[in-house]
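As structure tokens, the structure follows; a few thoughts come after it.
The values are calculated or read from the model by the stated rules, or taken from the named source; none is laboratory data. Just so it is clear, the structure is predicted and the values come from calculations on it, not from any experiment. No Cβ is skipped: glycine too gets one built from the backbone with ideal geometry, and neighbour counts run over all protein chains shown. We work out accessible area using only protein heavy atoms, side chains counted, and drop any ligands, DNA or RNA first. Shrake-Rupley method; radii C 1.70, N 1.55, O 1.52, S 1.80 Å.
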Amino acid sequence: MPAEPDLADGGRAVDRVLAGRLRAALDRPAAQQPCWPDAERAAAVVELLHNAEPIVAPEETERLRTRLASVARGEAFLLQGGDCAETFAGNTEPHLRANLGVLARMGEVLAEAAGLPVVKIARMAGQFAKPRSNTVDALGLPVYRGDIVNSPECTAAARAPDPHRMLMAYAHSASAMDLVRKLCAEGVDEPLAAQMVLAGARRASSGGPSFPGAGPSPRPTEIYVSHEMLLLDYERAVLWADSAGPEPRLSSGLAHFLWIGERTRQLDGAHIAFAELLSNPIGLKLGPTCTPEEVVEYVRRLDPHRTPGRLTLVSRMGHARVRELLPPIVEKVAASGHEVIWQCDPMHGNTHTSGNGYKTRHFGHVVAELAGFFAVHRQLGTHAGGIHVEVTGDDVTECLGGAAGIAEADLPDRYLTACDPRLNAGQSVELAEAIAKMLG
Ligand code: PEP
Ligand code: MN
């Protein structure tokens, strides 16, 4: 890895203790990092990014912290979703508008059903890095790790990690964030109505409960942005000193909310140590191999000041095992007294390959994992705080099932994802309706 950025620069003055802790965090083993062919070039890019402006404003992240505290206390619901992998080519106004629209629509359905305000976080404006199960593909080429690292075409040149792509990712994220702000100010839910043909009648409601000060119609929509905190050369480059909390920390200028993926949650690894230093709210994916003891250790490390909503635990156990694996984890964390957000990702534990060779998920399995998640929390008396889903407002055919009855033979029609299969607009709103029934 290149040398860490000089955090004593300009407005980013960070005390020596914090700079030392950052260095120590980044010295730990880091899973899923590309091997840049030219380390000097990578270091030069990190240096350039170190001078970049933050993409998200500190006061926005601060507002999200207060929203997430409400979720942790059971006073709000968290809806997080978007593409599995954003692409540079897909960073267009129609695509972002469609994805924000589907989130807004899902949010309306959930708000009305839960009788609670819904905090919306998009996987957007920076979801460009992907963890992979293998390092090489079937042809022996390095795997595609997201547009921030390399290109998906099947040639050695396209798959070579290129640090220059981190600059492109930053530029795409900044322009996406500008658009998110613009569309949110306009109120992103209105243009979606026409796309919601599969979702049944549009509810006549004003969208259910909202946070105070949401404003008159057309209602501005409050949407935050998030991505997986995966590529550490990128994440380390745009950090700001934040002395507002209980201890000095670093604020990521790249997203309001960052999460740690299932493949990079090693307790002795760099990702957890890096996240400990951040003041942004943090998510942590928990897969089926995770033990209750491990989770309590994560909670102790990532929420040392017992801040409600600081940590979102994202279970992704699979529909067949959620009812067995989740309860001991929830019980142990609840006994620890930390006020975490319990969020369910019903996508990543339910992925399989179709008979005709497509990575897919069945709508019924997604619903079944969520039903298990809500049942577990109901039984234990804890707040089922939210969902984390891979969805798009585009009319893709990537996941099976739903009211439109997408079958294996339909998958090739519009299988457009750069990584994992997403629910399309109709399936997404149908999912929100299914959750509404569970909440009812
Ligand atoms: C993802 O959210 O796209 C992802 C890779 O999830 P997980 O880390 O849970 O596998
Ligand atoms: Mn994914």
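For region 23-37, indicate whether the set of residues that are closer than 24 Å to residue 273 by Cα, aromatic (Phe, Trp, Tyr) and in contact (Cβ under 8 Å) with a residue 60 or more places away in the chain is non-empty.
Yes, region 23-37 contains a residue that is closer than 24 Å to residue 273 by Cα, aromatic (Phe, Trp, Tyr) and in contact (Cβ under 8 Å) with a residue 60 or more places away in the chain.
Kindly provide the set of residues from region 265-278 that are surrounded by fewer than 24 Cβ atoms within 10 Å (Cβ to Cβ) and touching a helix residue (DSSP H, G or I) at 6+ places or on another chain (Cβ under 8 Å), ordered by number.
265, 266, 267, 270, 272, 273, 276, 277
Out of region 69-85, which residues are polar (S, T, N, Q) and touching a helix residue (DSSP H, G or I) at 6+ places or on another chain (Cβ under 9 Å)? Lay out the reasoning, then the answer.
First pass over region 69-85, keeping only residues polar (S, T, N, Q): 70, 80.
Of everything in region 69-85, just one residue is polar (S, T, N, Q) and touching a helix residue (DSSP H, G or I) at 6+ places or on another chain (Cβ under 9 Å), namely 80.
Tell me which strands (runs of 3 or more DSSP E) are completely within region 217-274 and hold 3 or more residues being on the phi < 0 side of the Ramachandran plot, over 16 Å from the mean Cα position of the chain (by Cα) and at pLDDT below 95, or say none if there are none.
239-242
Within region 362-421, count every residue that is within 15 Å of ligand 2 (Cβ to nearest atom) and within 19 Å of residue 152 (Cβ to Cβ).
11
Out of curiosity, is residue 372 surrounded by 20 or more Cβ atoms within 10 Å (Cβ to Cβ) and under 23 Å from residue 124 (Cα atoms)?
no
Looking at 46, 109, 71 in this structure, which one is away from ligand 2 (no atom under 16 Å from the Cβ), buried (at least 18 other Cβ atoms within 10 Å of the Cβ) and either free of Cβ contacts under 8 Å to residues at least 60 places away in the same chain or under 28 Å from residue 171 (Cα atoms) (or both)?
Residue meeting the stated conditions: 46.
Report whether or not residue 171 is closer than 30 Å to residue 60 by Cα, surrounded by fewer than 15 Cβ atoms within 10 Å (Cβ to Cβ), under 20 Å from the mean Cα position of the chain (by Cα) and more than 16 Å from ligand 2 (Cβ to nearest atom).
Taking the combined requirement at face value, the residue satisfies it.
Residues 295, 322, 333, 340: which one is crowded, with 19+ Cβ neighbours inside 10 Å and within 14 Å of ligand 1 (Cβ to nearest atom)?
Going through 295, 322, 333, 340 in turn, just one is crowded, with 19+ Cβ neighbours inside 10 Å and within 14 Å of ligand 1 (Cβ to nearest atom): 322.
So for region 74-95 (the condition being open to solvent by 40 Å² or more (accessible area, probe 1.4 Å), in a helix (DSSP H, G or I) and without any contact (Cβ under 8 Å) to a residue 24 or more places away in the chain), does at least one residue qualify?
Within region 74-95, one or more residues are open to solvent by 40 Å² or more (accessible area, probe 1.4 Å), in a helix (DSSP H, G or I) and without any contact (Cβ under 8 Å) to a residue 24 or more places away in the chain.
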